[in-house]
Amino acid sequence: MSKKAIRIQGLEDRILLNDSFIIDFQVQEDKSKTQPLLHKYSRFIYIIEGNGKIKIQENIYQLKKGSVISILPWQFSEIVEVKETLRYYLLVYDFGYLNMYIKNFMDYDSNNFIETLYNGVSVIDNDDNSYDFKIIFEQINIELQSNIINDKKIFSHIYLTGKFAEIFILFLRTIESKNNKVNQKPVIASIFAYIFVNSSKDLTLENLSKIFLMSPSSISKYISKVTNLTFTDILQEIRLYKTKFLLKNTNFTLDEIAKIVNYNDSSHLSKVFSTNENIKTKEFRKIYSTFKTINNTKLDDKSPLVINYIKDNYDKDINIISVGDEFDISSKQVNKILSFYFEENFITFLNKYRVHKACDLLVETNYNTADIAHIVGFNSNKTFYRNFIKYIGVTLSEFRNTHIK
């Protein structure tokens, strides 16, 4: 008898988490262990009382009064031990909303923000900040309850967004102050989160095999075993999730959305969307469109040209200034384009692209590493080595030996 697949939040909970929500707040409790859950929506949890343990990805964390938990899209979690009943505030939110808010209104690198969250610890216990977290959670709860009783309060949307940002800032500051980093080497449990973050790229099982040092067939079997879905199903579900967000919260055309989520064109996206969601894109936008705070979002018409230029010239001595000059746009605009399409700034996008091209050469040729560094555009073997370790998680020789085997 085969092991039951892990439940995916959002696929079975569409009624609870409908497509019009941004923040959902509840007070919950767990008296015993829970079943594993693969999260489609993000959440923050504040432990009011109790004692236990939670497993997130491959890490187990102690839970106690004042613990703050962050679970990101397409991460696993399960309560693995309950010594005293866990009672907690649960704040479920749309990760895309926060990400878009940062891209449009904050002078902050969204790629840095995403990396900090995914590479930091998922649970913090900080007695100095515990009370501050508790106050913010309670303020959000009061605001939402007031809206239920008195209909919508004036400026409530802005108020909730501000409070929501406070939790994030406090959490990120705590991570940075304690230098809490998890193992950078990719583990198979993080494959779903990796697909989520990189879903706008040309992802294939072959691409994933380079990152996770497994054969494409092994990755495919793992995804199927865990979810009862194929790699293509998971990728499509994530892209449709992002499509719905962009339809609701931006004024991007369907052509622009198709390019951002990596569909061939608007007609292809429209067909896939209506088949899977049982509603046409125009009707969905009409019903759910908000445009409350992410209005007038517009990308430069030169965006596809900029992206193709970088891909065509990655092996040359290019930089963000020279790329901007080529298309008569600012460096800030170059970063904005790459941020919207790939969740990366210029230097990260360029170095990752070079590293992945180097992966092909390591497996398909007998070139030495110094030659490969030069071929893909790195100005020194040391820079190449440092970036390879950063983005692949193993040494050049380990990667080559593993894939040749």
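For the chain, with only Lys/Arg (+1) and Asp/Glu (-1) charged at the beta-carbon, what is the dipole magnitude about the Cα centre, in debye rounded to 20? Present the calculation step by step, with values, prior to reporting the outcome.
Values: 52 positive and 47 negative charges, 159 e Å.
My answer is approximately 760 debye.
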Given 10 °C, 1.306 mPa s and a Kirkwood radius over Cα pairs, the Stokes-Einstein diffusion coefficient of the chain in µm²/s is 70 µm²/s
Among LEU229, ILE310, SER289 the positive-end extreme of the charge dipole of the chain (Cβ point charges) = LEU229
In the chain, taking the dipole from +1 charges on Lys and Arg beta carbons and -1 charges on Asp and Glu beta carbons about the Cα centre, the listed residue (LEU338, THR253, ILE175) farthest towards the positive end is ILE175
Furthest towards positive pole of dipole, VAL197, ILE47, ASN147, structure part the chain, Cβ charges | ILE47
Under a point-charge model restricted to the Cβ atoms of Lys and Arg (+1) and Asp and Glu (-1), what is the dipole moment magnitude of the range 259-405 relative to its Cα centre, in debye to the nearest 20?
-> 580 debye
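Using just the helices of the chain, give the 222 nm mean residue ellipticity in deg cm²/dmol: DSSP H runs with n ≥ 4 each add -39,500 (n - 2.57), and the total is spread over all residues, rounded to 500. Can you show the working numbers first?
Numbers: 18 runs with 219 residues, N = 405.
That calculation yields -17000 deg cm²/dmol at 222 nm.
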Under a cut-off of 18 Å between alpha-carbon atoms, report the aspartates and glutamates in cross-link reach of LYS280, not counting same-chain residues fewer than 8 places apart.
-> ASP19, GLU237, ASP255, GLU256, ASP265
Beyond 22 Å, what share of the Cα-Cα pairs of the range 247-405 remains, rounded to the nearest whole percent?
-> 55 percent
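What is the dipole size for the range 204-274, taken about its Cα centre, with +1 at each Lys and Arg Cβ and -1 at each Asp and Glu Cβ, in debye to the nearest 20?
200 debye
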Carbon + sulfur, % of accessible area of the chain - ligands and nucleic acids excluded, 1.4 Å | 48 percent
Violations at 22 Å Cα threshold for listed pairs LYS316/LYS357; LYS210/LYS271; LYS282/LYS311; LYS259/LYS311 -> LYS210/LYS271; LYS282/LYS311
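Mind checking the per residue accessible area of the range 187-256 for me, 1.4 Å probe, whole number of Å²?
35 Å²
The values are calculated or read from the model by the stated rules, or taken from the named source; none is laboratory data. Given the structure is predicted, the values throughout are model-derived calculations rather than measurements. Heads up, the Cβs are rebuilt from the backbone with ideal geometry, glycines too, and the neighbour counts pull from every protein chain shown. The accessibility values were calculated without ligands, DNA or RNA, using every heavy atom of the protein model including side chains. Shrake-Rupley method; radii C 1.70, N 1.55, O 1.52, S 1.80 Å.
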